[in-house]
Each structure stands twice: as structure tokens, then as C-alpha cells.
Amino acid sequence: MLRETPVNIALVLLLLTVPVAASAMDEPFIVTLATKVAIFATAAVGLNIALGHGGLVSFGHAAFFGIGGYGAGILASHAQNYEPLMTWPFTVEGTQQMLIIWPVALLAGGIAALAIGALSLRTSGVYFIMITLAFAQMVFYFAVSWPAYGGEDGLPIYVRNSFPGLNTLRPLDFFAVAFVWFLAATLFSILLSRSRFGLALQGARQNVERVRAVGIDPYRLRLVAFTISGMITALAGALYADLNRFVSPSMLSWQTSGEIMVFIILGGVGRHFGPLAGAALFILLEYALGGVSEYWKFLLGVLLLLVVLFAHGGLIGVVTRRRHHG
Amino acid sequence: MNLITKSLAALAVLGMTSAAFAEPVKVGMITTLSGGGASLGIDARDGFMLAIKQSGNKDVDVVIEDDQRKPDVAVQIADKMIQSDKVDILTGIIWSNLAMAVVPAAVAQGKFYLSVNAAPSQLAGKGCNAHYFSVSYQNDNLHEAAGAYATDAGYKNTFILAPNYPAGKDSLTGFKRFYKGELAGEVYTQLGQTDYAAEIAQIRASGADSVFFFLPGGMGIAFMKQYAQSGVDIPLIGPAFSFDQGILQAVGDAALGVKNTANWSKDIDNAANKAFVEGFQAEYDRLPSIYASYGYDTANLMLSALAKASPSDADAFQKALEAADFNSVRGKFSFASNHHPIQDIYVREVVKEGDILTNKIVGTAMTDRSNAYVDDCKM
Amino acid sequence: MSAALLIEQVLNGLQLGVMLFVMAAGLTLIFGVMGLINLAHGSLYMVGAFACAAVAAATGSFWLGLAASLAAAAITGAIVEIVVIRRLYSRDHLDQVLATFALILIFSEGTRWLFGSFPLYLDVPPILSGAVPLPGGGAYSLYRLAIIGAGILVAAGLFLLIGRTRLGIRIRAGEADREMIAALGVDIGRLYTMVFALGAALAGFAGALVGTIQSVQVGMGEPVLILAFVVIVIGGIGSIKGAFIGALLVGITDTLGRFLLPIAFGTVMNASDATAVGSALASMLIYILMAVVLVVRPGGLYGTAT
Amino acid sequence: MAEPILEIRDLTKSFGALTVSDHISLDLRAGEIHALIGPNGAGKSTLIKQICGELQQDSGSIRFAGRDLAGTGTVERARLGLARTFQVSSVAPEFTTLQNVVLAVQGASGRSFGFLRPVLSDPSLTGPARRHMERVGLTGRENILASILSHGERRRLELAMALAMEPHVFLLDEPMAGLGPEGSVELTAILANLRHEAPILLVEHDMDAVFALADRISVLVYGRIIATGNVDDIRSNPEVQSSYLGETA
């Protein structure tokens, strides 16, 4: 039986060394795959704050992922076309600078999550799952039919956005950016879970009556958690837009929401490194099975089913043979 | 050049190709092989591979990957093909939005892209590129032809409908470019919509004398079946996509008699087309679709250029492609200055041959049609 | 806008509504009795449509196809319940969502493997083909009228089944108190399998009826599934009556929204923009409706807030 | 006599035709333990739920420290200083004992929006928490998961969480339920001390504990208070004898 911490450290080291080695061996595509893992894991870390810590089963996190992506895409497209974003009451120019794009993505995701959360958190259980789905569908259909930014066709970013001192078009440089964000999000999530806020949030998931009885309002806790969660997922969306140099409504589709949840469950709900394990496994499978058969999603479905039915602790749970506690 | 000499030339080209290459060429095909739009990608792939097989050329190595009709997946496959498989030429994308995601970055990295289907206006006008060629058409072409046909047929009051997404809007714009009559109505439906009762009711009430619709894939099947049941008998016009071999059988008799515009039909009478249609049926045991014909032409164009130059010599290879020195199953074929075809566009009618629904050419809608964006392209 | 057009659009809304009800009824029953969220309900819809198309093509009879759709969906439902679903009753909603999400992948790819990627042919039976005149000068598809009739019959049958039969009593008892019903000596496992198969058969039935005028292809179940969820959430999860009201509400709102919104916007802007904006808003309309209902009544119209 | 801290007047609550609280009036004064007894189904828990805000009364008033509680919810009442234990133990099962008590200390502190500093290394939280655990005899059990505590330990954990809130009133809903005789005696001793921190409204079936602890007793039957008085008054009250004590004694 392995302890969880060494497994986590091994996972992170693996994520770090594989692309570095691949880059040395001139296999840039493996670096791209690792970047995708880091970004998806970051999105899932975001969702995990709501879902794992707060028990808020959001089936609409694709909305935030997509909003972050569109934030990056819209700013970049304005910068590419030299058209200001708005001219009244003051002029706002587009930008290709990640240091500006990220705060915008965080802010946009935060505002959207605050609004959606404020309404959705009035419900609970299945209703919460469904109303978050409904809001995500609303954003999806809006993006599909709104012509200004490409609608269904999506919005290309011809040149990856830039970061001072890095050549983001080099796969390894961009991987470094994504990796640092993944680490930052994960560390933040760990700190959060041990903080006053995290204690109250997890308490509310386990026993909401008890939390009320000690004078803590679960609605405000959850709203803040949902907002933070949406912000992190939106940031991951902005990175994903840059990875693909492209944004489209498919980032907002309900399947995307489902996939982010799948990362978490594959890795193990509520585990800090579950999102990484889940995203890595998912992408590994996509490429391993995708090469074997056109019908790889059938195999993915079978595997997911087996994990849900029989390996409740997720991948990390299987490796460490231990159910998760708190 | 008459038909006989042309087909002799074709044989000569086929005969010499295998000798002409020094080193193998890697081609990456990104296309939709799973999910809703898979039938289109499968046909394009099969047409492409048939041409390679018929050529007997062993030096072309085609890597095929499924984009699942998702732009982000397509981009990643393109990255993989360029970075890892080190392909020289990319092809295969069916959908315009995927093409917009992949093509600009791929050509910016110096790769050639040959389109088997999608040809959005952005890539024909300001965004054109020396390394990008559309073998199929420019997206507006078949819609323009439908507009021209509606005018020729004397329709004065057409109801037009398309899904509410960029290709849908381009389609209606294209139709209106050559249509001279009035519009009885202009409706945008939801993308992926499956029930058209509300729109059919509007058509019935509009007093239109004809209906133009662009509803690709399952949307078109649903629309036509429902239209046939509605008791509305205003004539339908559409681009070939909704009347393609792959979906006609699913539509059934509801499609009989409908006029559609296409730049290919299996009854175009030339040797290349005969070889294609027969070869395709022999190889895959089904009738080829229009996407298969695009795939077939794309491969033959590529082979003809490879016979003259290697993609590593980009300028020479580009010149060889521009020459379009191959026998298109469409007959006449040349490239406009923005690397989109100049070709005839026909009017077809859906007919029944035995038990099988298929198309028959009944006229020509446009002759030597290029596209509306040539002047915007500064190459 | 003529009266005939309006009548036709209302009929369209009604037709969409009753079909959504047939879908949603199974979903809401399964949730009400077993407490299970079943995302794979749309796959059973697809199974029904494919079974109908395959049998109709083989035998030439639409009616045999329709019978096959009921049987195939019910049998598939029963097998899925026994093999997978019954392990999920005691799990939380997250596990249920993910396991049934996995089932969607399995069903979609499995169907594609069996039937290929091309849409199947399925057409309206000759007896229901064509249109009938409407008062006011319009006409309406006979088949769609038949769908409305079939949907209303199913609704009436369900209300009778739940209200008047022994199975219905057990279902209601099962909703109220699982232990009590087990204590009464009813085999709860068998009851659950039957309810699940019943819901599946309804979904398959809807799939066959709707597939006939739409297209029978892989992935056809998912858009309907999401609509059906909207319906049961609006109506209140577990309530058949709520599902009925919710389905009609969604059907009418969606149809009339798509028809009227572009016209409404047309009064304040040019026609082309109006259709674009109007259709954009129309596609969001039912989700807006659902959000409004949930904000005002967090448990849906006829549900109890959890 | 000082003004009562908790003052309930004419409280009425019905579920359909069933009246569960029928014009209840009740006081809790500083320093006292006021026991509420009555047969099962008399409406004791419903009364507690109304006091802590989980249910809203149909009519009548609840005043706490001179303030009318109408329109305030559970959270606000807890903040004002009403600490409650539950009839069926209600703790966060995946937390350790210490985390549970820290949660209560944090609730009382009113600051739950700290995002970075770990709670378990914050002495302003763990200090009081350990102190309260010591008072209920849970020292040494800090790192045990609440879900695997014994029943008696869990009841004491609840009490520690109530203590941690440093409340003005304790509402204890059957704290002795399920404890053996020995456990009841221990808990009785702990409760006896508690009245000096804040008065206790004690709902309890264990008559030995009630008679040992209570300064005053109210008897609730079918939603009505049929008698209030000191231990001797209640013991000798004939109506109480017939309707309640007679059955159990």
C-alpha cells in the first residue's frame, strides 16, 4: 500500500519531466499533450473546489471554461485586427498580453459564476445540477448564435498570446506557463481546504444543519466557493484557448462540463491531485485508444463505468488503496 | 482537349507517377470519422484513398486521424501531425469552423493544405494563402448557383432558410447574390434543430413560390421528411449537401423531384468520373457521394503536383498545384488566383434508379464560376 | 399573421409538448421512485428509433417496427437496470450522473458500430401520410396529429396506471417509503426493474414516433434528453402531473418563441438582424424559462423543494 | 427578578389540522436550568426548532435578550448566542473531533472568510477548542474522525461544540438519549456546571437527570404547557401525574 503524498509528488514530477524529456528528444507533440493535461487539470481543480470540497455538483462549468476562453479570444482578435474593444465612454484596446488577458478571464469567470451561483444556489440536489446545466446551455446557445465573434465557427487566435521573457509559441515555454498555473491552482486549493473558509465549506457539505447551528451562513460560503471555482476554471479556459490558438462554442458544450467532471471522478473526488491524475489518464486514453480504434469512446465509457461502480476512490484511490476522508 | 486525348493523358500521368518520386511524402488527413457528421468524413477519406490506390503510388504515406468534429481536437491533431509525424501536406477537414481553427496556423508553419470540402470565405478573401488550395469549391458557390437557378426558373418569391451560424448566413448571402426575385421570408433555425414544424407553417403561410434551404446532415433529412408530410407543395431548391448519396436513402421518397445544385454528379460523362464511380463501387460496395468525389479529386491533384515537384521545394510545388494538371471527375477544372476552383455548377434532380435514390443532372446553373472573393485576395 | 398560422403553430407546440412528456414521464418516474438521475434516457430513445427503423426496413411494416421499438427499449432498459443501474440507487447524484454519462458513450458508439454512421431510413406509414385541412384555410400533417393523439393516450394511460392499478399503488408506495414497501412483501428489485423498463419503453416509443419524421442517427437522443430534463425540472422532479404541464409549457414556449420573437424584433430593427437576434434569443428561451421557474420555485411547479 | 433571557409568549404552530404548539409561553432566566418534559409527540422538538429558527411560528413571539426574533433565521440566531445540540447527533462525520469543535469556535468568531491560513495552526481557534474538549472529557481524542466516535463521545462532542460558541443560552435536545446510566451520570455532572456560563433549556426524558439538574420544569402535553414549577411542584402536580409521570414512573 502506497501513501498518498508520494504518489502525488510522483505524478507532478512525471508531468514535469515527461515534456522536458520529450522536448530534448524532439517530440514536441508530447509536450503539447502534457500542456493539455496541465490545463485540463487546472480546470478540474477549479471545479473540484465547488464539487469536491463544497459538494456542489455543477454540471455547467463548461460555461466558465468557455467564458475564459472567449475572454482570451476576444481580446486577442481585437488586438490582431487593431480594432478597439469599445470606444465609448472610453477606449479599450484589445491585447495579446497574457498578463492582461488572465485577470480579464478571472474577472469575467468570477462575475459569471457569481451571477449563476447566486441564482442556482437557491436550489439544491438534482435541481442544482440541472439549473447549472441550463445556464451553461444558455451561454452555449448565445455563443453559437451571436455573430460578432464567429458564432458556431469559433474565433481563431493566429499567434499565441505573449508573456514577457517567453516565446509562447515554443511548446516547452507554453507548457511552463500552464504547469505553473496548475501548481498555483493546486496549492491554492490545498491552502483553501485547510483554511477557515475551507473548514466551513467542507463542514457545510457534510452537515449543513450543523454549520447553520454554529452561526455560519452556508449560502454565502457556497457562493464564494462557486465563484472561486468558476474563476479558476475560466483561467484554464483562457490557457486552453491559447493552446489551441482557437476558441469555439464546443468549449461551452454540456459534454465539456461532463468531461471536466470525469477528470475529477477518474482521479478521485475531493483529492487535491485527483484532477491531475484524472486529466492525465483521460488524455492518455484518448491517444492510446484513439489510435487503436475509431470506437475508443466506447472503451472510455466502459472504463468510466467501471471506475464509478467499483473504484470509488478514483485512480489515486486505487493506487493507494484507500478511501478518501475529509 | 477532347475527352479521348484527355483520358490518354490521364493514363500517361498515372503511369509515370510512381517513377517520379525520390522520397516518400507524408500526408496528414484530419477528418470526421465518429459522431454525427462521420458519414461525410468517411466518404472523403474513402475517395481520397481510392485515388491513391488506383495510382499505384507507394511513396505517399497517409496518416488519418478522427477530429470528432471538434475544433479543439482538430487543432491538436494538426499539431501532432506537424510536430510529431512531420507531414508535408494536410487535408481532410469537412467543416468550416474546423478549417478556420486549423488552416491558418498550418499554412503559417509552411505546410500545404488541400481542402476536400470546407472553404470559408475568410480563407478565400483577405485570409488567402499561397499554401492553401480548395479543391471542392468556395463555400458560397453552390448557394450562388441555387440563386442563379431560381432566377432562371422564373421564381419571383422565394422563402429562404438556414441554420443560425456563420456558414448558414453565408449560404443565404450567397443565394441572394444571384437571385433577382423577392424574398417571401428569411428564417434562421437553430443549429442541430430536428423539428421544423414551426418553419414549415411559416412557409405555408408566406405565399412563396419556391423554397431555398441549406440544412446539412440530419437537419436536412428531418426537414424534408416533415415537409413531405405537411401537405405544402411549394418546390424546394437546395445545395447538394442535403441530397447527397449518403443521406438520400434516409430521406426516402420525400426527396424525389427536388432540384439541387452541385459541381459534381455521378452521371457527369467523362472517363475520370467513370473510373471513379466504378472504382468506388467496386472497392466499397456503395455509390460515391459528392464528398467522395472531392476527396478523389484532391488526391489526384496532389499526385499530379507530386509528379512534378516535391513539397520541400515549396514554390515549385505550389506552381504544380496551381497548374491543376489532373483529370477532375468534374470535367473542366482550373484554379482562380485565390486558389479556389473555376468550374461549372449543375442543377440536379433527385430520381429513383431501381430502388435507389440518386441524382441526375438536368441543367447547368453557372458556367466557369469562380468566386466573389478573388479581388480581396492579395497573394 | 393569420389565425390559421397561429393554430398550426399551437398544434406544433402541442405536438412537441406531448412527445417531450412521453420522454419526460419515464425520467421523472425513475427519479421519483428510485431517486436516480438517468442521463442515458436519451440513449433508450435512440434504441427505440433504431429498432423501429431496422424492423420496419426488414419487414416493410411500420407497425411491427413500432412494436419492436417498445420491446427493444424495454428489454434494453431492463438489462441496463439489472447490470448497472441497480448498483447506483444508493450512490449520490454525482456517481449517477457519471455512470449514466458513461452509458451514453457506450450506447452511442455501440450503435454506431452496429448500424454505421449513416442515418437510417424510416418513413411515415401510408395510412398516416399526408395532411388534413384545418379550419381557417391551413392544413396539418396527419402524422403529427396522430403523435398528439398517441401522446395524450400515453398520458391518460399513465395517470390510470399510477392512480388505479396495483402496480401504481406500489409505485406510489415506493416513492413514499422504500422500507415500508419492502415490509409489505413486494419484491422491490423487481418493482424497480419494471419501472425502469416502463420508462425505457416510453422513451423508445417516443424515439420511434419522432425518428419517423426526423432523422434516425447516432446522437439523436442527447438534445431531447436535455429538453426532457428541462421539462421535469420545471414540473418538479418526480411528479407526472408536473412533467405533463412542464412538457406542454416547454413545447409551446419553444415553438411560439421561435416563431414570434423574430417578428417581435422585426418591429424595432431591420429584418435580417431581427431574425438573427430573435433566433438567438429563442434558442435560449426555454433555459431562461427553467431558470426563472427554479428561482421562483426552487422545487419546480409541482415538486417539493429538497 | 431579572428579566428572562429567553421569553416565549403564546407561541402557536400547526401542521394542517394538527396543532403542535398551542399557545406556549415559557421563560428562561439567567443561571437556571429549565427542563422541558413531556411524552413523545408532545411537540418538544418542534418547539426547539422554532426557538432556533428552523421553523417559523404561526403566531406568538420569541424574545431573546430583549429582542424579538421574528424574521431571523437559524444562522442569525446562532450568532446572537443560541447554541443548540441535536436530538440525533449532528456533527461533520468526515472531520476529526478537533476540526468539529474548531468549526464551532470559528462560527462564534464570525470570521469564516479566511482563505489561506490553515485553521489547525491558528491558536486563536485551536486553543479554545482544546479547552472546550477538555471540559467535556474528550482530551486525547482530538484526531479521531467524528464518524467513528462512540455514541457517548459524539454526544459530548456536540456539547463541546455548543460550549465553543460561548452562547447566551443552551438549547439541549435530549442530550442523554442513548447513553447508559453511567454516561448519564457523567453528563449530568458536566451540565450542572454549565448553568454558570449560560442558562439551559433542557429537553430530556431521563427523569433522574431532570430532577437532579432542573431549577424549574415545564410539562408539555399535546402542544400545551400544562404545568410549570420547581421540581417538587411538578412531582406533586396531579395533572402531571396522570398525564405523564404516571405513565413512566
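What follows is calculated from the coordinates using simple rules that are stated; it is not laboratory data. Note that the structure is a prediction, hence the values are computed from the model and not measured. In this analysis, Cβ positions are derived from the backbone assuming ideal geometry, glycine residues included, and neighbour counts consider all displayed protein chains.
May I ask for the angle, rounded to the nearest 10°, between helix C:240-266 and the longest principal axis of chain C, with both axes built from Cα atoms and the value confined to 0 to 90°?
20 degrees
Might you list the cysteines of the protein assembly as shown that have no disulfide-compatible partner by the rule of another cysteine's Cβ under 4.7 Å?
C:CYS52, D:CYS52 - these cysteines have no disulfide-compatible partner (Cβ-Cβ under 4.7 Å) in the protein assembly as shown.
Under the rule of -39500 (n - 2.57) per DSSP H run of 4 or more residues, summed and divided by the residues of chain D, what mean residue ellipticity at 222 nm is obtained, to the nearest 500 deg cm²/dmol? Please list the in-between numbers first.
Details: 8 runs with 83 residues, N = 249.
Mean residue ellipticity at 222 nm (helix-derived): -10000 deg cm²/dmol.
Give, in whole angstrom and from largest to smallest, the semi-axes √(5λ) of the equivalent ellipsoid of segment C:187-306, with λ running over the eigenvalues of the Cα gyration tensor.
Numbers: eigenvalues 209, 82, 18 Å².
Output for segment C:187-306: semi-axes of 32, 20, 10 Å.
Out of every Cα pair in segment A:4-320, what percent are spaced more than 37 Å from each other?
Tail of the P(r) past 37 Å holds 14 percent of the pairs.
Using the C-alpha atoms of chain C, what convex hull volume per residue, in cubic angstrom, is computed?
Values: hull volume 45.1 nm³, N = 306.
That works out to 148 Å³ per residue.
Take every Cα-Cα pair in the protein assembly as shown and report what % of them are more than 56 Å apart.
Values: 210611 of 793170 pairs.
Tail fraction, whole percent: 27.
Please quote Rg/Rh for segment C:1-57 to two decimal places, taking the Kirkwood radius as Rh and restricting both calculations to Cα atoms. Can you show the working numbers first?
Values: Rg = 16.0 Å, Rh = 13.7 Å.
Radius of gyration over Kirkwood radius for segment C:1-57 works out to 1.17.
Please compute, over every Cα-Cα pair in segment D:95-147, the percentage with a separation greater than 14 angstrom.
Value for segment D:95-147 (Cα pairs over 14 Å): 50 percent.
Nearest 0.05, what FRET efficiency do A:VAL20 and A:TYR219 give at R0 = 41 Å with Cβ-Cβ as r? Present the calculation step by step, with values, prior to reporting the outcome.
Values: r = 45 Å, r/R0 = 1.10.
That gives a FRET efficiency of 0.35.
Which residue fluctuates the most in chain C, going by a Gaussian network model with Cα springs under 10 Å, if the choices are C:GLY137, C:GLY163, C:GLY149?
Evaluated over chain C, the most mobile residue of the options is C:GLY137.
Which whole number of Å³ per residue matches the convex hull of the alpha-carbon atoms in segment B:122-243? Don't jump to the answer; show the numbers that get you there.
Details: hull volume 12.9 nm³, N = 122.
Spread over its residues, the Cα hull of segment B:122-243 gives 106 Å³ apiece.
Working only with C-alpha atoms, what are the Rg and Dmax values of segment B:36-102, expressed in angstrom?
Expressed in Å, the Cα Rg and Dmax of segment B:36-102 come to 12.4, 35.
Rounded, prolate or oblate: which fits segment A:126-166 when a ≥ b ≥ c are the square roots of the eigenvalues of the alpha-carbon gyration tensor, with rounded for a/c under 1.5 and prolate only if a/b beats b/c?
Working: a/c = 5.29, a/b = 1.76, b/c = 3.01.
The shape class here is oblate.
Where a ≥ b ≥ c are the square roots of the eigenvalues of the C-alpha gyration tensor, would you call segment B:77-167 rounded, which needs a/c under 1.5, or, failing that, prolate if a/b is larger than b/c, or oblate?
On the way: a/c = 3.25, a/b = 2.66, b/c = 1.22.
Note, shape of segment B:77-167 comes out prolate.
Once you order the gyration tensor axes a ≥ b ≥ c over the Cα atoms, which shape class does segment A:231-296 get: rounded for a/c under 1.5, otherwise prolate or oblate by comparing a/b with b/c?
Values: a/c = 1.79, a/b = 1.09, b/c = 1.65.
In terms of gyration-tensor shape, oblate.
Each residue of segment D:207-222 in turn: what ³J(HN,Hα) in whole Hz from Karplus with 6.51, -1.76, 1.60 and θ = phi - 60°, glycine and Pro shown as x?
Working through the residues one at a time gives 5, 4, 5, 4, 5, 6, 9, 6, 7, 9, 10, 10, 10, 10, 9, 6 Hz.
Can you give me the relative contact order of segment C:3-218 as a percent, contacts being Cα pairs under 8 Å and 6 or more apart?
Numbers: 294 pairs, mean separation 92.3, N = 216.
Taking the mean separation of contacting Cα pairs over the length of segment C:3-218, I get 43 percent.
Kindly state, to the nearest 0.05, the FRET efficiency for D:ALA177 paired with A:LEU166, given R0 = 56 Å and r defined as their beta-carbon distance. Kindly include the intermediate steps, with their values, before the conclusion.
Working: r = 64 Å, r/R0 = 1.15.
Rounded to the nearest 0.05, the efficiency is 0.30.
Determine, at each q value in 0.08, 0.10, 0.11 (inverse angstroms), the log₁₀ of I(q)/I(0) that the Debye formula gives when each Cα of chain B is one equal point scatterer.
For the requested q values the scattering log ratios are -0.38, -0.60, -0.73.
Would you calculate a helix-derived [θ] at 222 nm for chain B, using -39,500 (n - 2.57) for each DSSP H run of n ≥ 4 and dividing by the full residue count, to the nearest 500?
-13000 deg cm²/dmol
With n ≥ 4 as the cut-off for DSSP H runs, can you work out [θ] at 222 nm for chain C, using -39500 (n - 2.57) per run divided by the number of residues, rounded to the nearest 500? Present the calculation step by step, with values, prior to reporting the outcome.
Values: 11 runs with 230 residues, N = 306.
That comes out to -26000 deg cm²/dmol.
As a test of understanding, state the convex hull volume per residue of segment A:1-121 from its alpha carbons, in Å³.
Details: hull volume 18.5 nm³, N = 121.
Value for segment A:1-121: 153 Å³ per residue.
State the dimensionless ratio Rg/Rh of segment C:1-122 (Rg: radius of gyration of Cα atoms; Rh: Kirkwood radius).
On the way: Rg = 17.2 Å, Rh = 16.3 Å.
Over the Cα atoms of segment C:1-122, Rg/Rh equals 1.06.
Just to be sure I understand: with springs between alpha-carbon atoms less than 10 Å apart, which residue in C:LEU260, C:LEU36, C:LEU225 has the highest mean-square fluctuation in the Gaussian network model of chain C?
Maximum among the listed residues: C:LEU260.
On a 28 Å Cα-Cα criterion, which of the cross-link pairs B:LYS180/B:LYS360; A:LYS36/B:LYS58; B:LYS169/B:LYS225; B:LYS86/B:LYS169; B:LYS259/B:LYS378 come out too long?
Working: B:LYS180/B:LYS360 26 Å; A:LYS36/B:LYS58 35 Å; B:LYS169/B:LYS225 23 Å; B:LYS86/B:LYS169 37 Å; B:LYS259/B:LYS378 36 Å.
From the list (B:LYS180/B:LYS360; A:LYS36/B:LYS58; B:LYS169/B:LYS225; B:LYS86/B:LYS169; B:LYS259/B:LYS378), the Cα-Cα distance tops 28 Å for A:LYS36/B:LYS58; B:LYS86/B:LYS169; B:LYS259/B:LYS378.
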